[in-house]
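Remarks on the structure that follows.
Read-outs throughout are calculated quantities, based only on the coordinates presented, and are distinct from any laboratory measurement. Here the structure is a predicted model, which means the values were calculated and not measured. Cβ: placed from backbone, ideal geometry, glycine included. Neighbour counts: every protein chain shown.
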Amino acid sequence: MAEKYDHKSIEKKWQERWEESGAFGADDSSIKPKQYLLVEFPFPSGDGLHTGHVRSYTAMDIVARKRRAQGQNVLYPIGWDAFGLPTENYALKTGKHPKAVTEENTNNFRRQLKSLGLSFDWSREVNTTDPKYYKWTQWIFLQLFKKGLAYKTKTLINWCPRDKIGLANEEVVDGACERCGTLVEKREKEQWMLAITKYAQRLYDDLETVDYIEAAKAGQRNWIGPSEGAEITFKISRSNLDVKVFTTRPDTLFGATYMVLAPEHPLIAQLSIENKAEVESYVQAAKKKSDIERGALDKEKTGVELQGVKAINPANKEEIPLYVADYVLGGYGTGAIMAVPAHDERDREFAEKYNLPIREIELEDPKEITKKVVGTWVTNFKLRDWVFSRQRYWGEPIPMINCAKCGWVPVPEDQLPVELPQIEKYQPTDTGESPLATIAEWVNTTCPQCKGPAKRETDVMPNWAGSSWYYLRYADPRNDTAFAAQDKLKYWTPVDWYNGGMEHTTLHLLYSRFWHKFLFDIGMVPTSEPYLKRTSHGLILAEGGEKMSKSKGNTVSPDELVERFGADTLRLYEMFIGPFDQPVVWSTQSMTGSQRFLERVWKLEPTDAPLSPKLETLLNQTIKKVGEDIENLKMNTAVSALMILLNEMEAGVSRDAYKIFLQLLAPFAPHMANELAEQAELDPIDWGTWPSFDASKLAGATSTVVVQVNGKVRGKIELAVGTPEGEALAAARITAGKWLELGEKKAVYIPGKIVNFVVRGA
Ligand code: ANZ
Ligand code: ZN
């Protein structure tokens with residue numbers, strides 16, 4: 001055995017071997033049970049891989065390696081989510097073409113991922129900017145269009161004045177652009193929309209059928225936001241017009257003392273309003289504000305009365321005034337409310353400011369009152385349709401043609417992909433038009449229907465398009481007659497386990513569920529949900545506890561760490577750093593702990609000594625614990641279990657036990673484990689069997705734990721080694737019995753030795 005562990009040469013050796021043998025290629029027709037494991041494919045930014053990628057990808061790599069060792073046919077793919085603004089902005093800054101930038105960045109990412117020894121099936125790499133890929137993104141768009149789920153409409157959109165781009169609601173955080181933090185304005189634009197709201201109920205209900213971490217389910221439920229209420233019609237006095245309101249409190253109808261229309265409400269244009277100019281200028285001002293700003297509870301309410309107009313409360317036939325006020329949103333419910341200042345906080349504030357009556361009332365029976373005034377029960381959703389066009393260059397062209405005679409005509413499917421033309425100038429424009437609009441020879445085309453002159457759509461898709469279906473492409477990545485063959489989809493999908501960031505809960509995760517359900521409805525995928533299980537990793541914070549960011553200069557580079565410590569140490573450290581689902585603070589200094597552990601493993605030598613009963617028990621316990629911990633992503637405690645086992649084994653270890661240790665270590669530190677197995681002339685371990693434990697040998701190791709109350713010994717209990725604190729305390733409480741009657745204040749547990757309770761008053 002080489003004296004010192006040389007991570008550079010050994011890691012290189014194994015990575016080359018895996019690469020040459022295509023070791024991690026998934027088999028499309030194996031009789032082994034399939035297992036589809038997925039991580040979010042990275043956006044290949046110029047900054048390269050960050051520690052967060054390493055955390056997520058390593059954890060799922062561990063699961064993948066364990067599953068292979070258990071005899072499963074594992075698909076663990078990777079690719080590039082490569083369209084999007086950062087590349088375009090970087091290209092603009094440097095004068096390079098986005099395509100060239102993307103290629104450079106993906107090459108760098110690929111090299112970095114390979115240097116970590118991640119067991120991806122590299123033969124299935126996909127890239128959303130590859131025309132062979134986005135042909136199918138465009139194809140799916142056309143299917144949505146044909147089913148009426150893609151439509152173009154003039155709408156008020158969130159506009160980022162800095163990025164010069166329209167944003168989806170999901171991309172606006174606290175009224176500001178998610179990317180650059182600039183305050184978002186409202187602009188009226190013709191936009192392609194996807195009718196995700198048609199799927200709101202199913203997206204909500206079907207969360208019951210999947211195994212997602214609770215926070216992801218809750219996040220989606222909130223975002224979809226169903227709200228049950230009544231729609232009630234109010235007549236406008238001395239006219240044949242009326243206006244419908246949405247209310248969750250029809251029982252307060254008698255207390256409705258005025259009405260409010262959203263500034264966007266179409267009725268405003270139809271009414272004979274005496275102060276039209278005043279109303280008009282209020283409406284214009286409101287258009288500039290974001291919904292979040294308008295809806296904020298702590299914001300002072302403003303509005304203008306529509307003079308000369310009254311509405312009639314259908315419950316008591318009373319004439320009540322009408323206002324336009326921007327705290328009522330055009331895009332929610334019916335865009336109009338009945339205001340009940342006695343019961344609604346915002347209405348009360350408004351009523352106090354404008355001296356409107358606040359009437360205390362007896363509540364009605366909501367069922368009854370809705371019936372009486374001929375209202376209907378409806379469910380409204382907070383979810384909005386998805387703004388699907390972007391006025392930029394680096395995205396999938398929307399495959400639509402506008403003809404003066406025929407209107408919007410889809411590009412015939414046999415003409416896909418509509419390729420993004422190579423252009424020199426792709427600066428965004430202030431007019432809000434895509435840079436593609438400036439290329440006459442691309443824009444001007446013939447109408448597929450009437451063959452007359454027509455123009456191409458020049459907007460491109462948002463960067464959420466390609467990621468909405470990429471996991472399907474991995475099943476059959478080189479197919480050019482379908483996005484994936486049905487038999488391959490049947491074999492591989494749904495994804496068994498998907499790990500990714502919490503920040504994608506209401507974006508990518510929701511969008512892809514929507515596309516998947518649509519594809520299911522048109523018979524193109526075999527299941528109605530894409531992912532059976534979803535987990536999330538916590539953030540890695542910089543050494544000071546702040547968020548890592550390039551601008552703060554507090555990021556760490558995986559390249560340097562791999563160079564200095566090796567991939568196995570980095571992998572192990574990121575797993576050991578803390579509970580997988582929690583935020584953790586980085587410490588390069590602490591990496592030496594993982595490094596030392598691996599150095600000790602390197603020096604461990606098997607002997608012919610028989611297994612001691614104590615070691616045998618610990619070995620069985622560790623097999624059980626590491627296996628279970630991996631399944632629960634409790635990677636940190638799995639690593640500690642390996643550390644405890646190593647301590648015992650350093651006193652002497654048989655070849656069989658040594659082999660098991662390497663098998664357990666292999667998913668975490670695959671290079672070293674494989675190297676040691678080879679040197680010890682053991683079977684290769686990645687594709688061997690995962691060790692199983694002997695249940696009868698688990699309980700053997702117990703220790704006697706003394707139970708004390710206020711420092712006095714009150715009994716003893718026998719506990720299995722490794723009993724969790726909660727269980728140990730529960731057992732000790734039974735033994736301490738009446739001595740705890742005065743009230744337990746505190747409990748201290750020293751594992752394997754003592755439980756001491758502190759009680760009151762003694
Ligand atoms: C009368 C009332 C009395 C209301 C009361 C509430 C409390 P959620 O739960 O969010 O669905 N509303 C309806 N449409 C609105 C819009 N476009 N913009 C702003 N507010 C709107 O809230 C529904 C309630 O929010 C509705 O019920 C309506 O006010 C208001 F004591 O009607 B309510
Ligand atoms: Zn035409």
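Against the 2.2 N^0.38 Å scaling, with N counting residues, where does the stretch 371-494 land? I'd like the Cα-based Rg ratio to two decimal places.
1.43
Could you give the length gained by full extension between Glu631 and Glu433, i.e. 0.36 nm per residue of separation minus their alpha carbon distance, to one decimal place?
Using 0.36 nm per residue and subtracting the Cα-Cα distance, I get 66.3 nm.
Show the residues, 5+ positions off or on another chain, whose built amide H is closer than 5 Å to the amide H of Tyr258.
Ala339
Under a point spin-label approximation (7 Å from Cα along Cα-to-Cβ), what is the Asp487-Lys217 distance to one decimal in nm?
Here the answer is 3.7 nm between the modelled labels.
Find, among the trypsin sites (Lys or Arg not before Pro) in the stretch 416-487, those assigned to loop by DSSP (not H, G, I, E, B) with at most 15 other beta-carbon atoms within 10 angstrom.
Answer by residue number: Lys425, Lys451, Arg478.
Projected area of the chain, taken from the Cα convex hull and averaged over every viewing direction, in nm²?
42.3
Could you give me the percent of Cα pairs per 10 Å distance bin for the stretch 558-697, shortest bin first, beginning at zero and ending with the bin that holds the maximum distance?
Percent of Cα pairs in each bin: 11, 43, 35, 10, 1.
So what's the stretch 702-759 giving for Rg/Rh, alpha carbon basis, Kirkwood Rh from the mean inverse pair distance?
Expressed as Rg/Rh, it is 0.93.
Name all residues of the stretch 386-424 having a backbone nitrogen under 11 Å from the label point set 7 Å from the Cα of Asp28 along its Cα→Cβ direction, giving them as ranges.
The answer is none.
What order, most packed first, do the peptides 397-404, 647-654 have when packing is the mean number of other Cβ atoms within 10 Å of each residue?
Packing order, densest peptide first, comes out as 397-404, 647-654.
How far apart, in nanometres, would the label points at Glu345 and Leu241 be if each is projected 7 angstrom from Cα along the Cα-to-Cβ direction?
Label at Glu345, label at Leu241, 3.3 nm between them.
DSSP loop (so not H, G, I, E, B), at most 14 other Cβ within 10 Å: list which trypsin sites (Lys or Arg not before Pro) in the stretch 217-296 pass both filters.
Sparse-neighbourhood loop trypsin sites (Lys or Arg not before Pro): Arg238, Lys288.
For Asn275, which sequence-distant residues (separation of 5 or more, or a different chain) have an amide H within less than 5 Å of its own amide H, given hydrogens modelled in the peptide plane?
Under 5 Å from the amide H of Asn275: Gln307.
Within a Cβ distance under 15 Å of Val409, other residues only, what is the Lys/Arg minus Asp/Glu net charge?
+3
Which value, to two decimals, describes the C-alpha radius of gyration of the stretch 1-58 once divided by 2.2 N^0.38 Å?
Cα-based Rg divided by the globular estimate yields 1.58.
DSSP beta bridges in the chain, what fraction antiparallel, as a percent rounded to 5?
Beta bridges within the chain, antiparallel portion: roughly 75 percent.
Expressed in nm to one decimal, what extension gain is obtained for the pair Ser590 and Lys547 from 0.36 nm per residue of sequence separation less their Cα-Cα distance?
Contour length minus the Cα-Cα distance gives 13.6 nm.
For the stretch 506-571, just the Cα set please: Rg and Dmax, both in angstrom.
Cα-based Rg and Dmax for the stretch 506-571 come out at 19.3, 52 Å.
Given the C-alpha centroids of the stretch 84-152 and the stretch 498-558, what is the distance between them in whole angstrom?
16
Could you pull out every residue, at least 5 positions away or on a different chain, whose amide H is within less than 5 Å of the one on Tyr36? Hs are placed 1.01 Å off N in the peptide plane, and Pro or chain starts have none.
HN-HN under 5 Å from Tyr36: Leu75, Asp496, Trp497.
Whole-Hz ³J(HN,Hα) for each residue in the stretch 497-509, computed from phi via Karplus 6.51 cos²θ - 1.76 cosθ + 1.60 with θ = phi - 60°, x for glycine and proline: what do you get?
8, 10, 10, x, x, 4, 5, 9, 3, 9, 10, 3, 5
Given an 8 Å cut-off on Cα distances and at least 6 residues of separation, report the relative contact order of the stretch 564-671 as a percent.
40
Short version: ³J(HN,Hα) in whole Hz for each residue of the stretch 415-427, in order, from phi by Karplus 6.51 cos²θ - 1.76 cosθ + 1.60 (θ = phi - 60°), x for Gly and Pro, what are they?
9, 7, x, 7, 7, 5, x, 6, 10, 8, 10, 10, 4
How much length is gained if the chain between Glu16 and Glu280 is pulled fully straight, taking 0.36 nm per residue apart and subtracting their Cα-Cα distance, in nm to one decimal?
Stretched fully, the Glu16-Glu280 segment lengthens by 88.0 nm.
When only DSSP loop residues count, what GluC sites (Glu not before Pro) in the stretch 397-471 have their Cβ near at most 15 other Cβ atoms within 10 Å?
Glu419, Glu424, Glu433
Output wanted: per-residue J couplings in Hz (rounded whole) for the stretch 512-527, from phi through Karplus 6.51 cos²θ - 1.76 cosθ + 1.60, θ = phi - 60°, x for Gly and Pro.
6, 5, 5, 4, 5, 5, 4, 4, 5, 4, 9, x, 9, 9, x, 10
Using alpha-carbon pairs under 8 Å, 6+ residues apart, how would you state the relative contact order of the chain in percent?
Normalised by residue count, the contact order of the chain is 14 percent.
Of all the Cα-Cα pairs you can form in the stretch 226-381, what percent are over 20 Å apart?
Counting every Cα pair in the stretch 226-381, those more than 20 Å apart make up 46 percent.
For a Förster distance of 45 Å, can you work out the FRET efficiency between the beta-carbons of Lys146 and Lys93, rounded to the nearest 0.05?
It comes out at approximately 0.70.
For the chain, what does the helix formula give at 222 nm: sum of -39500 (n - 2.57) over DSSP H segments with n ≥ 4, over the residue count, nearest 500 deg cm²/dmol?
One gets -10000 deg cm²/dmol as the mean residue ellipticity at 222 nm.
With the crude spin-label approximation of a point 7 Å out along Cα→Cβ, what separation in nm comes out for Asn316 versus Lys288?
Result for the modelled spin labels: 4.0 nm.
R0 = 22 Å: FRET efficiency of Ala609 with Lys4, Cβ-based, nearest 0.05?
0.30
In whole angstrom, note down how far apart the Cα centers of the stretch 574-614 and the stretch 710-740 are.
One Cα centre to the other: 31 Å.
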